[in-house]
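Q: Can you keep this structure in mind? I'll have questions shortly.
Computed from the coordinates by the stated procedures, all read-outs in this text should not be read as laboratory data. On a predicted model such as this, the values are computed, not experimentally measured, just so you know. Ideal geometry is used to build each Cβ from the backbone, glycine not excepted, and the neighbour counts take in all protein chains shown.
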Ligand code: AMP
């Protein structure tokens, strides 16, 4: 059985024509019902503009220059004209469609592009490297476009460039899979669970299509496939935290570093970031630490990698470890100058046993037995607390030791590892919120406004949004123009280029119209003076007062690009509502003290 690429393209066109999630889901359900089981993974990946799960780090991303060359060969139009057409339309896929419009239509030929064929060619493009790869990529893309109809060429070109951007979220695809291949809503938790334990939608789709719902029931955690991280809720009152935990909890230092999920298999070490990128190559020092310090064969553990001062052993600011990214050639030097320490905080798998299903105290106990502690490899510092004062004392210690606060973890019998979920099993307790905003938030860039005067040619301000987990959308919380140095303005222009789109993204909820819109991708850390009610922002709309949203007043970029966070990891609208409430509470407490 096979499937024509045109069937996919037909769905893509319709998806682009709507912003309604329900409609998108329905289109996907229809598509998935028709998809043969043995290519369903490919259809799922292609629909998200990729070929493999993200954690494998295999990107198609052919350079624009090469795509233009391929288009020139197929259309017999000169490269400068194609470049002009591209500039005019702002999208090379659109340009490809227009250029090929005069070409003989595929219907007249016998040969029509199948999904497998498109996938195979894109895969060759993605994997060709080294000498001769430029020519090979052009050759592959040329062969693909020459077999495509104009509209197929549009989507194939976009996919080859790594810019399909249909905006189909993981959750939407899971919904569609549940309705197309299982018992709809009722099966969604099983699908989600399988996805949370494999981080691979294509793999889940294929298991479901070939083995049915039973295949999902017996879905196992595997070494090498990252588990989606468990996330924490946030509270600012120790008493409230303990109540949520039924009076007894484990409190741990909240280290300010990089979350690492380490997979060990007979001395082979694979490291994943919080966004589940494979960052194995950036931390050769951690391989040595883990191989020397961990007893045992196959396991998955989580910890926070924190930069340390090699001469004093003191913890250093988080930014120093984020610089490890991408600096391959200078890596040796960086490792010497700024080594990292790993504080392990959870055990997810060990020699055939899926620890995610066990309660936290048992996971921690097993973890402690596996680690030969030394200066650079340790367990996260932990105490068991039953009183709010203990939390406050431990907090002071944590801050004095260079940490940003505490993580409070449930020790109840139901304290299993909730992969991919934010819940009350973990609560982060950062610094106290006073009436003014003391804590930073991480917001997603969804739009921008053109700069004027000194900022001409760059962005004058960015439209920033918080993540609404319930509806899986991004809601605006402020327009931020301060805190950006000249280098930041130049850097932002460059980084944001790849997220640019010519309309508001379907997952962005905004009453404000930006000059430029982006696919939600880049996360920035921002601090403001306070959180206020706002008639124009959509974050927390109607949650405090009908018709009003919440906004961050006087927002300022702190200088931290939170590239380790995905947009879904940004501060949530719920957290901002919570921060607003606790701000009010503190304010009324101060007022009543003053009145007395
Ligand atoms: P946040 O990034 O503010 O949502 O806080 C959650 C993050 O804190 C996790 O993703 C970890 O990277 C980090 N973290 C630091 N120390 C711990 C710890 N002891 N337990 C769990 N997470 C920790």
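Q: Quick one: pull the percentage of alpha-carbon pairs in region 476-596 with a separation above 25 Å.
A: Roughly 30 percent, rounded to a whole number.
Q: While we're on this one: Give the value in nm², to one decimal: projected area of the alpha carbon convex hull of region 286-363, averaged over all directions.
A: For the Cα atoms of region 286-363, the hull's average projected area reads 6.5 nm².
Q: Something else: Can you give me the relative contact order of region 277-367 as a percent, contacts being Cα pairs under 8 Å and 6 or more apart?
A: 35 percent
Q: Now for a different question. As a test of the formula, what do you get for the chain when each DSSP H run with n ≥ 4 contributes -39,500 (n - 2.57) and the sum is divided by the residue count, at 222 nm and rounded to the nearest 500 deg cm²/dmol?
A: -12000 deg cm²/dmol, from helical runs alone.
Q: Apply 1/(1 + (r/R0)^6) to the Cβ-Cβ distance of residue 314 and residue 64, taking R0 = 45 Å, and write down the FRET efficiency to the nearest 0.05.
A: Plugging the Cβ-Cβ distance into 1/(1 + (r/R0)^6) gives 0.45.
Q: Here's a follow-up. Calculate, in whole percent, how much of the Cα-Cα pair population of region 359-407 lies beyond 14 Å.
A: Result for the distance tail: 61 percent.
Q: Once you have the Cα-Cα distance between residue 129 and residue 265, take 0.36 nm times their residue separation minus that, and quote the gain in nm to one decimal.
A: 46.2 nm
Q: Starting from the Cα coordinates of the chain, work out the convex hull volume and express it per residue in Å³.
A: Measuring per residue, one finds 177 Å³ for the Cα hull of the chain.
Q: Classify region 151-285: rounded, prolate or oblate, from the alpha-carbon gyration tensor (a ≥ b ≥ c, eigenvalue square roots; a/c under 1.5 rounded; otherwise prolate if a/b is larger than b/c)?
A: Since a/c reaches 1.5 and a/b is larger than b/c, the shape of region 151-285 is classed as prolate.
Q: Between rounded, prolate and oblate, where does region 110-175 land on the alpha carbon gyration tensor, with a ≥ b ≥ c its root eigenvalues, rounded for a/c under 1.5, else prolate if a/b exceeds b/c?
A: oblate
Q: Of all DSSP beta bridges located in the chain, what percent are antiparallel, nearest 5?
A: Close to 85 percent.
Q: As I understand it, the value is the acute angle between the Cα axis of helix 115-127 and the longest principal axis of the Cα atoms of the chain; what does it come to in degrees, rounded to 10?
A: For helix 115-127, the angle is close to 60 degrees.
Q: To the nearest 10 degrees, how steeply does helix 64-75 sit against the main Cα axis of the chain, on a 0 to 90 scale?
A: 20 degrees
Q: For the Cα atoms of the chain, what angle does the longest principal axis make with the long axis of helix 284-293, in degrees from 0 to 90, nearest 10?
A: 50 degrees
Q: Here is a further query. Applying a 10 Å radius around every beta-carbon, put 468-479, 510-521 in order of their mean neighbour count, most first.
A: Output ranking for 468-479, 510-521: 468-479, 510-521.
Q: May I pose another question? Could you check the simple spin-label distance between residue 19 and residue 533, using points 7 Å along Cα→Cβ, in nm with one decimal?
A: Between residue 19 and residue 533, the label points sit 2.6 nm apart.
Q: Then there is this: Averaging the inverse of every distinct alpha carbon separation and then flipping it gives the Kirkwood radius. What is it for region 293-415, in angstrom units?
A: For region 293-415, inverting the mean 1/r across all distinct Cα pairs yields 16.3 Å.
Q: Let me check against my output: what whole-number percent is the relative contact order of region 441-587, with C-alpha pairs under 8 Å and at least 6 apart?
A: Relative contact order, region 441-587: 28 percent.
Q: Binning every alpha carbon pair distance of region 18-103 at 10 Å from zero, what are the percents per bin?
A: 15, 30, 31, 23, 1
Q: Let me ask you something else. Over all alpha-carbon pairs of region 191-267, lay out the pair-distance distribution in 5 Å bins, whole %, shortest bin first.
A: Per 5 Å bin, starting at 0, the Cα pair percentages come out as 3, 12, 16, 14, 12, 14, 12, 10, 6, 1, 0.
Q: Quote the FRET efficiency, to the nearest 0.05, computed for residue 384 versus residue 2 with a Förster distance R0 of 51 Å and r equal to the Cβ-Cβ distance.
A: Computed FRET efficiency for residue 384 and residue 2: 0.30.
Q: Over the chain, what relative contact order in percent results from Cα pairs under 8 Å that are six or more residues apart?
A: Once divided by the residue count of the chain, the mean separation gives 12 percent.
Q: So what is the diffusion coefficient of region 270-319 in µm² per second by Stokes-Einstein at 10 °C and 1.306 mPa s, using a Kirkwood Rh over Cα pairs?
A: After rounding, the answer is 127 µm²/s.
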